[in-house]
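Structure, as structure tokens:
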Amino acid sequence: MKFRHLIAVLASVVALALLAIVVFLAVYSWPAIRMNGAGFLRRNTWNLGNLYSDPILRHGREVMPGASYGILFLIAGTLLSTLIAVILAIPVGVGAAIFLAEAVPAGMRSWISFFVEMLAAIPSVVFGLWGYVVVIPFLGHHLYPWMAHHLKFIPFFAGHSGSGYGLLTAGLVLCLMIVPLITATLRDALVTQLATQRDASLALGASRFETLWSVLLPGARRVLIGSSILATGRALGETMAVLMISGNALNYLPRNIYSPISTMASFIVSQLDSALQDPTGIAVRSLAEVALVLCVISVVVNGAARLLIYYHGRWSARMA
Amino acid sequence: MNPTSLPPALHFTPPAAANRVEPGRPVIGVRGLDFFYGPAQVLFGIELQVREREILALIGPSGCGKSTFLRCLNRMNDTIPGAHARGLVEIDGHNIYAPHTNVIGLRRKVGMIFQRSNPFPFSIAENVAYGLKINGLAKNRSERMARIESSLRAAGLWDEVKDRLNKPALSLSGGQQQRLCIARALAIEPEILLMDEPASALDPITTTRIEELALELKTRYTIVIVTHNLQQAARISDRTSFFLMGRVVETDSTQRMFTNPSRKETEDYITGRFG
């Protein structure tokens, strides 16, 4: 066997693994998909039913009486917490990258960059514990009441500020987890790839700010979009940290940015034990359906972002 | 190389009177220039003059300081932390290392072409227009277009790109990209062009093209070119300066330098005994 073939086999193993996981999820959750129907995505109820009575028949399947599975609140919690995290992380990440590339002397840059990248290496459960012990008491007792009072003119900032567990806390901690991804890639682009263009711009009499604004940042646009996609993927799938700080809301749509939420990934972890108590097995299969929906959302977000890059490239080539 | 053999693309004809100006008036005067990267001294007491509308070639082995010296002339070394200069570099009679020197104005006057072509990830036209934009040099669209065209013509690129000015600059070939960089530098009408091994990454035919271009540009601009290629220095430069270990060994007319160098080190380098 030639090396080329070996490489081809190895490469297809990776692709097949992805396919195998999606196929497994689809097949395993198929009974739940049939039973839950489209209402799965629209309903706001996750109810295992009465586990102490006898199963009844519904759509030809045994289920517990009163069982109902709808995950609208999970979809909302996942997308909103990710959205908040990415919206906050992009300016912070870009700012940090610019600071590291432009303002810090080269000797110190590697040290500060090291710490920024270490942030990405911290296990997410540590973020969760830190959020639980440090961030939540501060936010819940001090910052959120202040925000609810003084920033109530902003939509969704008014109302009950809760105890600190919730949407905004999840967004903030997720933001911290994804900022290093954006900063590290963007800083590399600014320092290495774009160094020759920086020289060219300065040699034409541009100031450092003009160089940054007119040459370096436009040049780094694709890098920024790419790293933001990666960051979005990480935020969508983040499990442990969110589980510890989101408030684990059940069947509840967030009313404001302080509301408790659940995300799909953390919900699968938190509900697996209870779902295993369901003798009909439909609860576990419904959790698999949650996982399938999460996969589909991730793929759709990724695909949309890739299309964006593609059309953005063609668009700017035409407009240029 | 005979300037009359230039291709018709180069019809950026300067006024006839300008052609007759004899190279002579010194536009760059360097006296006792020391240069340091942090504690390490890399240039030692450089004495050099560059005359108006001549091509001065800087030759010497790798690491001899010729590129560092070139970057002293438009203060591009300022971007390197810890780098500093001592001594006098006068351009048009002004010491460019004096406090409160307008570095941006200096770089407008002293354009630079780099070893690796470095077009911006914009369109061809936008690359040339960039310097005009940041320096506020074109009042309106038609003036901007006129200067884009004249710069591209001067760089011998106009006929190749006039139908695709809005295409990305990175779609051009290596030699075209380097000529685009030259056009970009010419657009803001500098007086002096610094070229840091502008053809070292290009194939021989493209290199010839760049050399022809340098000869053509000499009629309007003063050019200082760093080159590793001794034949290139011999072909295009009026005078040559030989650098060795951070010092200028000798500066002389190129013809004399390559036929009858006055210093032993120069002769050894030129005849290929080292370097």
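The values are calculated or read from the model by the stated rules, or taken from the named source; none is laboratory data. Because the structure is a prediction, the values reported are computed rather than measured. Glycine also receives a Cβ, built like all others from the backbone with ideal geometry; neighbour counts cover every protein chain displayed. Note: accessible area is taken over every heavy atom of the protein model, side chains too, but ligands, DNA and RNA are not part of it. Shrake-Rupley method; radii C 1.70, N 1.55, O 1.52, S 1.80 Å.
Annotations
- Cα gyration tensor shape of segment B:118-275, rounded if a/c is under 1.5, else prolate or oblate by comparing a/b with b/c: prolate
- Selected from A:Leu139, A:Ser161, A:Ser227, residue furthest toward positive end of dipole (segment A:73-267; charges at beta carbon): A:Ser161
- Inter-label distance for A:Leu79 and B:Tyr37, nm, one decimal - labels placed 7 Å from Cα along Cα-to-Cβ: 5.4 nm
- Whichever aspartates and glutamates have a C-alpha closer than 17 Å to that of B:Lys162, once near sequence neighbours (fewer than 8 apart) are set aside: B:Glu126, B:Glu143, B:Glu149
- Nonlocal amide H pairs with A:Asn251, under 5 Å, H built at 1.01 Å: A:Trp46
- Shielding of A:191-204 by partner chains, average beta-carbon count, 10 Å: 6
- Theoretical ellipticity at 222 nm over chain A - DSSP helices of four or more residues, -39500 (n - 2.57) apiece, nearest 500: -21000 deg cm²/dmol
- Cα gyration tensor shape of segment A:1-134, rounded if a/c is under 1.5, else prolate or oblate by comparing a/b with b/c: oblate
- Buried accessible surface for the B/A chain pair comes to about 1800 Å², total over both chains, computed with a 1.4 Å probe.
- Using alpha-carbon coordinates, inclination of helix B:124-134 to the longest axis of chain B, degrees: 70 degrees
- Carbon plus sulfur fraction of accessible area for the protein assembly as shown, probe 1.4 Å, in percent: 63 percent
- Distribution of pairwise C-alpha distances over segment A:73-267, 5 Å bins, in %: 1, 8, 15, 17, 16, 13, 11, 9, 6, 3, 1, 0, 0
- Dipole axis of segment A:73-267 (+1 Lys, Arg; -1 Asp, Glu on Cβ), positive-most option in A:Val125, A:Ile90, A:Leu190: A:Ile90
- Taken one residue at a time, the phi angles of segment B:55-71 give Karplus couplings (6.51, -1.76, 1.60, θ = phi - 60°) of 9, 9, 9, 9, 10, x, x, 4, x, 7, x, 5, 5, 4, 4, 4, 6 Hz. Gly and Pro are set to x.
- Residue pairs, from the table B:Lys167/B:Lys218; B:Lys66/B:Lys167; B:Lys109/B:Lys133; B:Lys66/B:Lys133, whose Cα atoms sit over 24 Å apart: B:Lys167/B:Lys218; B:Lys66/B:Lys167; B:Lys66/B:Lys133
- Kyte-Doolittle mean at least -1.0, axial Cα span of 15 Å or more - DSSP H helices of chain A: A:3-36, A:72-98, A:106-121, A:167-188, A:221-237, A:264-276, A:282-319
- Size estimate for the protein assembly as shown follows the Kirkwood approach: the inverse of mean 1/r over distinct Cα pairs works out to 28.9 Å.
- Between A:Ala121, A:Ala241, A:Ala26, the residue with the greatest mean-square fluctuation in the GNM of chain A (Cα pairs under 10 Å linked by springs) is A:Ala121.
- Relative contact order [Cα under 8 Å, 6+ residues apart], segment A:20-138, whole percent: 17 percent
- Most mobile listed residue (B:Val89, B:Val110, B:Val249) in chain B, GNM with C-alpha springs under 10 Å: B:Val249
- Heavy atoms of B:His84: accessible area, 1.4 Å probe, square angstrom to 10: 90 Å²
- Rounded to the nearest 10 degrees, the inclination of helix B:141-154 to the longest alpha-carbon principal axis of chain B is 50 degrees.
- Net charge dipole, the protein assembly as shown: roughly 920 debye, given to the nearest 20, about the Cα centre with Cβ charges of +1 for Lys and Arg and -1 for Asp and Glu.
- Placing R0 at 41 angstrom, the Cβ-Cβ distance between B:Glu47 and A:Ala195 gives a FRET efficiency of 0.80 after rounding to 0.05.
- Sites B:Arg116 and A:Thr45, calculated FRET efficiency, Cβ-Cβ separation with R0 60 Å, nearest 0.05: 0.45
- B:Arg164/A:Val299 FRET efficiency (R0 35 Å; Cβ-Cβ; nearest 0.05): 0.40
- Between A:Pro31, A:Pro155, A:Pro279, the GNM of chain A built on Cα springs shorter than 10 angstrom shows A:Pro155 fluctuating the most.
- Per residue solvent-accessible surface (Å²) - segment A:73-267, probe of 1.4 Å: 43 Å²
- B:Glu47 - accessible surface, heavy atoms, 1.4 Å probe, Å² rounded to 10: 100 Å²
- For B:Arg51, residues with placed amide H under 5 Å, excluding near neighbours: B:Val27
- Rounded to the nearest 500, the 222 nm mean residue ellipticity of chain B from helices alone is -9500 deg cm²/dmol, with -39,500 (n - 2.57) taken per DSSP H run of at least 4 residues.
- Crossing angle, helix B:174-187 versus chain B [Cα axis fit, 0-90 degrees, rounded to tens]: 90 degrees
- A Cβ-based charge dipole, computed about the Cα centre of segment A:1-106 with Lys and Arg at +1 and Asp and Glu at -1, lands at about 380 debye.
- Close amide-amide hydrogen proximity is noted between B:Leu43 and B:Phe35, each under 5 Å apart and 5 or more residues distant or on a separate chain (H modeled in the peptide plane; Pro and chain starts excluded).
- The modelled label-to-label distance for the pair B:Ser200/A:Val133, using points 7 Å beyond Cα in the direction of Cβ, is 5.6 nm.
- Per residue, the average separation of C-alpha pairs within less than 8 Å and at least 6 apart gives chain A a relative contact order of 26 percent.
- About its Cα centre, the dipole of chain B is roughly 560 debye, where the only charges are +1 on Lys and Arg Cβ and -1 on Asp and Glu Cβ.
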